[in-house]
1. Give me the pairs, please: first residue somewhere in region 86-115 and in contact (Cβ under 8 Å) with a residue 12 or more places away in the chain, second residue anywhere and outside any loop (DSSP other than H, G, I, E, B) and basic (Lys, Arg), beta-carbon distance under 7 Å, and either six or more positions apart or on two chains.
2. Anything in region 70-116 that is touching a Phe, Trp or Tyr at 6+ places or on another chain (Cβ under 6 Å) and under 18 Å from Arg42 (Cβ atoms)? List them, or say none.
3. Scan region 84-114 for residues that are in a strand (DSSP E or B), among the basic types (Lys, Arg) and closer than 21 Å to Ser37 by Cα and jot them down.
4. Which ones in region 85-129 are crowded, with 24+ Cβ neighbours inside 10 Å and either touching a helix residue (DSSP H, G or I) at 6+ places or on another chain (Cβ under 9 Å) or of a type in the set (Asp, Glu) (or both)?
5. Does Gly108 satisfy the condition of being within 21 Å of Leu173 (Cβ to Cβ), small (Gly, Ala, Ser) and at pLDDT below 95?
6. Looking at Ile79 and the list (1) assigned to a loop (DSSP other than H, G, I, E, B); (2) within 23 Å of Pro151 (Cβ to Cβ); (3) under 11 Å from the mean Cα position of the chain (by Cα), which single condition is not satisfied?
7. Go through Ser141, Ser124 for me and flag whichever is over 21 Å from Arg89 (Cβ atoms) and of a type in the set (Gly, Ala, Ser).
8. Does region 35-42 include one or more residues that are of a type in the set (Ser, Thr, Tyr) and either more than 17 Å from the chain's Cα centre (by Cα) or modelled with pLDDT under 90 (or both)?
Amino acid sequence: MRTQTPFQDRLYHLALFLFGQLRVLHLRALGLRLPASVKVGRRIHWPVQNLSRLHIGERVALGSGIMFCITPDLPDSGITIGDGSHLSRGCVLSAASRMVIGRNCRIGYNVGIMDQVNMPDGTSEARPITIGDNVFIGANSVIQPGATIEPGCIIGPNLSISSRIPADNVVGLSPKIYGDKRHLPHQLVKI
């Protein structure tokens, strides 16, 4: 087994950092304001026409395969992600109005957050979505138009949320397991 010298170790970490910066360099040229502390996964689908309407806070982690969609012809549409939040692989965020994700949120694999619903008659209705601080949303859940999840909530996997969830509630899981916030499963978020 070969060991690396401290110089090789520093060079390796520098290469990782530069590769991560190159991944979003062209997006910065198009107007994306992305803090240096943001971790970005591979194959993220960016809203190239509307990068100025995507606001990402400090220390945010974006997993691979995330898709951002912002409706171009609606001036009020946009997505805001708070400091320290983590979005896992395969999440879809589609905004036709305002979508706000609070600070230190953990959003599991394949979660869909969509604020627009298309009616059978061809019309559509968009209602803003608000997710408060310190919220955990389990894998494969769907957050529907008009949903408000207040701070401190835990949403279990495979759920569809379309209404207001009061603060510090556990939805879809046993309160005996996740009632105490110290047991929040942060390890589920990977990049």
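The values are calculated or read from the model by the stated rules, or taken from the named source; none is laboratory data. Everything numeric here is computed off the predicted structure, so don't read it as measured data. All Cβ positions, glycine included, derive from the backbone under ideal geometry; neighbour counts span all protein chains shown.
1. Pairs that qualify, where the first residue is in contact (Cβ under 8 Å) with a residue 12 or more places away in the chain and the partner is outside any loop (DSSP other than H, G, I, E, B) and basic (Lys, Arg), are His86/Arg106.
2. Selection gives Ser88, Arg89, Gly90, Leu93.
3. Correct list: Arg106 only.
4. Result: Ser88, Ala95, Gly108, Asp115.
5. Here the answer is yes, as Gly108 does meet what is asked.
6. (1)
7. Result: Ser124 is the single residue among Ser141, Ser124 that is over 21 Å from Arg89 (Cβ atoms) and of a type in the set (Gly, Ala, Ser).
8. yes
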